[in-house]
1. For the chain, with only Lys/Arg (+1) and Asp/Glu (-1) charged at the beta-carbon, what is the dipole magnitude about the Cα centre, in debye rounded to 20?
2. With each pseudo-label sitting 7 Å past Cα toward Cβ, what's the R77-A19 distance in nm, one decimal?
3. Could you give me the ³J(HN,Hα) list for the range 34-45, computed from phi with Karplus coefficients 6.51, -1.76, 1.60 and θ = phi - 60°, whole Hz, x at Gly and Pro?
4. Ignoring solvent entirely, what values of log10 I(q)/I(0) come out of the Debye formula for the chain at 0.09, 0.20, 0.24 Å⁻¹ when each Cα is a single scatterer?
5. Taking the range 1-49, which trypsin sites (Lys or Arg not before Pro) meet the DSSP loop condition and have no more than 16 other C-beta atoms within 10 Å?
6. Calculate one ³J(HN,Hα) per residue across the range 10-25 by plugging θ = phi - 60° into the Karplus curve 6.51 cos²θ - 1.76 cosθ + 1.60, and present them in order as whole Hz with x for glycine and proline.
7. Looking only at G36, G59, G12, which one moves most when the chain is put into a Gaussian network model with springs between Cα atoms under 10 Å?
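Quick note: the coordinates plus some simple rules give every number you see, no bench work behind them. Here the structure is a predicted model, which is why all the values come from computation and not from measurement. All Cβ positions, glycine included, derive from the backbone under ideal geometry; neighbour counts span all protein chains shown.
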Amino acid sequence: MRVALHTRVKAGREDDYDAAHREVPADLVRAIRAAGATSWTIWRSGQDLFHVIECDDYGALLASLVELPVNIAWQDRMAELLAVSHDYSTDGAGAGLPVVWELGAESVD
């Protein structure tokens, strides 16, 4: 499944956010993969962050990570940088941005 998320960096913390993501802990990367994610890409436009996650089951991914010490430490670090953070309180149902349009979904005559 593919999930798109929107988060937001605190004003003036953009460079810190970018720098933190150049140093994502290897243990966290392994845990994200083990939780079923095959891809996680983040784009930044000013303070706005757009994430696209490819995973087996987003709810299961969240459940696997929510209480993991390496993820808790990472989320604490991100809390210092984010005005709108990734929500781990959901089971994944209805999470993420709604799809409005997707190339390939329509027929063209």
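1. On the way: 9 positive and 18 negative charges, 53 e Å.
In total the dipole reaches around 260 debye.
2. In this crude label model, R77 to A19 measures out at 1.2 nm.
3. 5, 7, x, 7, 9, 7, 8, 10, 10, 10, 10, 10
4. The Debye formula, applied to the Cα set alone, gives -0.25, -1.16, -1.57.
5. Working: sites: R2, R8, K10, R13, R22, R30, R33, R44; in loops: K10, R13, R22.
Sites meeting the loop and neighbour criteria: K10, R13, R22.
6. Running phi through 6.51 cos²θ - 1.76 cosθ + 1.60 with θ = phi - 60° gives 4, 4, x, 9, 4, 5, 5, 5, 4, 4, 4, 7, 7, 10, 4, x Hz.
7. So, out of G36, G59, G12, the one fluctuating most is G12.
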